[in-house]
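*Asks:* The structure under discussion is supplied below as structure tokens; questions concerning it will follow.
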Amino acid sequence: MDCELFKYLWRLGRGENHRELGESLISMRTHEATCQSCGAWVASELSVDGFLSREIARVNIPSGMGDRIRKRLEFKPIIENPGGVIPSRPSLSKSRLRVGILAASLMLLVSGGAFYALTRPIPVTDDSWNLFWDDCFAWEVSPPDRDRVANWFSSMGIRTELPQDVNYQHLVSHGIVVWDGRQVPQLVFANPDSNGGRPAIAKVLVLSSKQFRLESLFPLPGGQEGSRTRVDFLPESNEKSLYLVSHAGEKIDWLIGSAVSASSDSR
Amino acid sequence: MAQLVEEWIDLHADFLFRLAYRFCSNAADAEDLVQEAFLKAKENEDRLSNGPDEIRAWLVRVIRNSWLLKLRKDKRKRDWDPTWVDELAQLSPIQRDQPDFSDIQNHLDKMPWAFREPLVLHYLAEMGYREIAKQLDIPMGTVMSRIARGRSWLRTQLGINGSD
Ligand SMILES: [Zn+2]
């Protein structure tokens, strides 16, 4: 276990809950005991925790609160509908009129409301915000891997089978794009060490046979006049998932072990 | 008044006020939440014959639920808080000349509720991650990462130097 991993796990599991980390715990203990810098780091983290506990607990208690609570508890709870009188029923004609008015206003409400509901700006919810931040944070602490990206898509409600044989170390972004009205996962990879000096970029779209008739994609388009961009598919593509790659290089070995140039094959 | 509730007030009122205050950052609202929690406790006194830890957990749940209900009624508080964006822009480690500890509540107020709640429960109520996950009905991994992030954000805001 290296120091980075140790710190990451420690931050997640702080204190008594280290046991939640399961097997990692043993190697964490070993690391903490043997690595001087991490030992000191843990001590400083614990002192921050102590500080935060004290500060968060430092709230002045208003004087006399206990008495006020006791006083309030002495009151009898308010009984609803105290006389037990049932409100009289409205007459039939009145209630018919009411139903009519109610129906008319409902129709207005529903049509106007539906339009408004579909078009109005909405507040950003905690959930979106959390997803966004969870994602940023995950990237900050460790390089991306397939599982995490897959989890992200599933948390967005997208069921997908991501490619196995690509180098997720080169992943720089993932998200959802719309293709013919369907939401499609997109992975963007970049290789800063490519030959030309500029980073090589490859975009991978994951197209599922549940959304598209994949055979309709063939033959894949050739390159555009004056553009180096080419479209291939990853060799691990199958009848259920087609991994479409667009890139601007002859080779995408950096992305996969052995790149297959599909556009030339399919023409 | 019944003996048990009396005891619970002595044992838990101060703690509950601190918790409620960190949730709603207003002494009047906080005391109101605490009073209501004990009212509920009195109504349920017969059923609540557990140990002090269980009673405390029950009271924490009542405070939390009442506060969330209030938040939902007062929807403005749940909406996007633009000041948070400004704070986010400053997430890069800035060092303050003097750490300002007096305004920890100001920082808590700017923290989205989803981060603030588990953080306060962890540090103030000294609840473990499993307990918080159960209380908030979210996965434990989420509790862990929210507390870790809330903590590191708070730390930056307070200018607490660390070795990371
Ligand atoms: Zn180390």
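Read-outs throughout are calculated quantities, based only on the coordinates presented, and are distinct from any laboratory measurement. Source: prediction; values computed, not measured. Glycine gets a Cβ as well: all are built from the backbone with ideal geometry, and neighbour counts include every protein chain shown.
*Asks:* By counting other Cβ atoms within 10 Å of each Cβ, how are A:Y8, A:Y168, B:Y123, A:Y116 ranked from fewest to most?
*Replies:* A:Y116, A:Y8, A:Y168, B:Y123
*Asks:* Please turn the phi angles of the range A:110-115 into ³J(HN,Hα) values with the Karplus equation 6.51 cos²θ - 1.76 cosθ + 1.60 (θ = phi - 60°), one per residue in order, whole Hz, x for glycine and proline.
*Replies:* Karplus-based 3J(HN,Hα) across the range A:110-115 equals 5, 5, x, x, 4, 4 Hz.
*Asks:* Here is a further query. With a 10 Å Cβ neighbour count serving as the proxy for reagent exposure, in which order, fewest first, do A:T160, A:T34 appear?
*Replies:* Ordered by Cβ neighbours within 10 Å, fewest first: A:T34, A:T160.
*Asks:* For A:I158, which sequence-distant residues (separation of 5 or more, or a different chain) have an amide H within less than 5 Å of its own amide H, given hydrogens modelled in the peptide plane?
*Replies:* It is none; the list stays empty.
*Asks:* Rounded if a/c is under 1.5, else prolate if a/b beats b/c, else oblate: with a ≥ b ≥ c from the C-alpha gyration tensor eigenvalues square-rooted, which is the range B:12-56? It would help to have the intermediate numbers written out before the result.
*Replies:* Working: a/c = 3.72, a/b = 1.85, b/c = 2.01.
Oblate shape, in that a/c is at least 1.5 and b/c is the bigger or equal ratio.
*Asks:* Moving to a separate point now. Size of the dipole of the range B:2-74 about the Cα centre, Lys and Arg at +1 and Asp and Glu at -1 on the beta carbon, nothing else charged, in debye to 20?
*Replies:* Approximately 480 debye in magnitude.
*Asks:* Tally Lys/Arg at +1 and Asp/Glu at -1 over every other residue whose Cβ is under 11 Å from the Cβ of B:L11; what's the total?
*Replies:* Net of charged neighbours comes to -4.
*Asks:* Could you please report the charge total around A:L214, scoring K, R as +1 and D, E as -1 over all other residues with beta-carbon less than 11 angstrom from its beta-carbon? Show your work: numbers first, answer last.
*Replies:* Numbers: positive: A:K210, A:R213, A:K240; negative: A:E215, A:E239.
Within the 11 Å Cβ shell, the charges total +1.
*Asks:* Oh, and also: For A:I252, list long-range residues whose amide hydrogen, built 1.01 Å from N in the peptide plane, is under 5 Å from its own amide hydrogen.
*Replies:* A:A259
*Asks:* Kindly write out, for the range A:206-211 in residue order, the coupling ³J(HN,Hα) from the Karplus curve 6.51 cos²θ - 1.76 cosθ + 1.60 (θ = phi - 60°), rounded to whole Hz, with x marking Gly and Pro.
*Replies:* For the range A:206-211, the Karplus-derived couplings read 9, 9, 9, 5, 6, 9 Hz, x marking Gly and Pro.
*Asks:* For a footprinting-style exposure proxy, rank A:M1, B:M144 by other Cβ within 10 Å, fewest first.
*Replies:* Ascending Cβ contact count within 10 Å gives the list A:M1, B:M144.
*Asks:* Check which residues have an amide H placed less than 5 Å from A:W179's amide H, if you skip close sequence neighbours.
*Replies:* So A:W179 has HN proximity to A:V184.
*Asks:* Tabulate in residue order the Karplus-calculated ³J(HN,Hα) for the range A:58-67, using 6.51 cos²θ - 1.76 cosθ + 1.60 with θ = phi - 60°, rounded to whole Hz; enter x for Gly and Pro.
*Replies:* With coefficients 6.51, -1.76 and 1.60, one gets 7, 10, 6, 8, x, 6, x, 4, x, 5 Hz.
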